[in-house]
Amino acid sequence: MGKRVMFLAAAALLPLLLAGAAAAGEEAAGPDVGDAKAFFARFARLEKTGDPALAELYDDSAAISYQVKDERGRAQSIALTGRQYKEVLRAGKDKPRRMSLNIYSELEYKAEGGRLRISGLRSNSREGTEGTFSLLLVRGADGAWRIAEEKVRVEKAGR
């Protein structure tokens, strides 16, 4: 009889324990991922319109690297700090690239300690490129997400 009572008590408590664990997990991961999704939506919108406000999403010490492989497999790379890239964005020198309609898909959001990585696929039919991208977000002094690292690796489509 004692085993039956314990079994019934455990059966009654199990849904409560599972619900509590799920809520705790959502509480721990939910706000950051939700904030990161909103951040990325803003990033994509500012990039698409060529808005210089995009510069404010980058940390001054961010590491930005782009690698593009041409049809022959030759890679061209560029690396900038956040401060350098902000100057490019604010001056509008990057506007044609940013207005070139990048399409992002298969987005993944992954916590890395107190940071969050957004990664996925990036394609651009106007440039004829496709590949991968990754943004590493950190919280700024004001609590807002900032891009601490951006990596883009693309190649000309049809290779």
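The values are calculated or read from the model by the stated rules, or taken from the named source; none is laboratory data. Given the structure is predicted, the values throughout are model-derived calculations rather than measurements. So basically every Cβ, Gly included, is an ideal-geometry build from the backbone, and we count neighbours across all protein chains shown.
So the values come out like this:
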read-out	value
Hey, E56 of a type in the set (D, E), out of contact with any Asp or Glu (no Cβ under 6 Å at 6 or more places or on another chain) and either surrounded by 13 or more Cβ atoms within 10 Å (Cβ to Cβ) or in a loop (DSSP other than H, G, I, E, B) (or both) or not	yes
Single match in R153, R122 (criterion: under 16 Å from the mean Cα position of the chain (by Cα), within 23 Å of G34 (Cα to Cα) and of a type in the set (K, R))	R122
Residue count, the stretch 101-154 (criterion: hydrophobic (A, V, I, L, M, F, W, C) and buried (at least 17 other Cβ atoms within 10 Å of the Cβ))	12
Residue satisfying condition, being within 22 Å of L121 (Cα to Cα), of a type in the set (D, E) and either outside any helix (DSSP H, G or I) or modelled with pLDDT under 85 (or both), within set E108, E47, E27	E108
Residues located in the stretch 65-76, provided they are part of a strand (DSSP E or B) and more than 21 Å from the chain's Cα centre (by Cα)	K69, A75, Q76
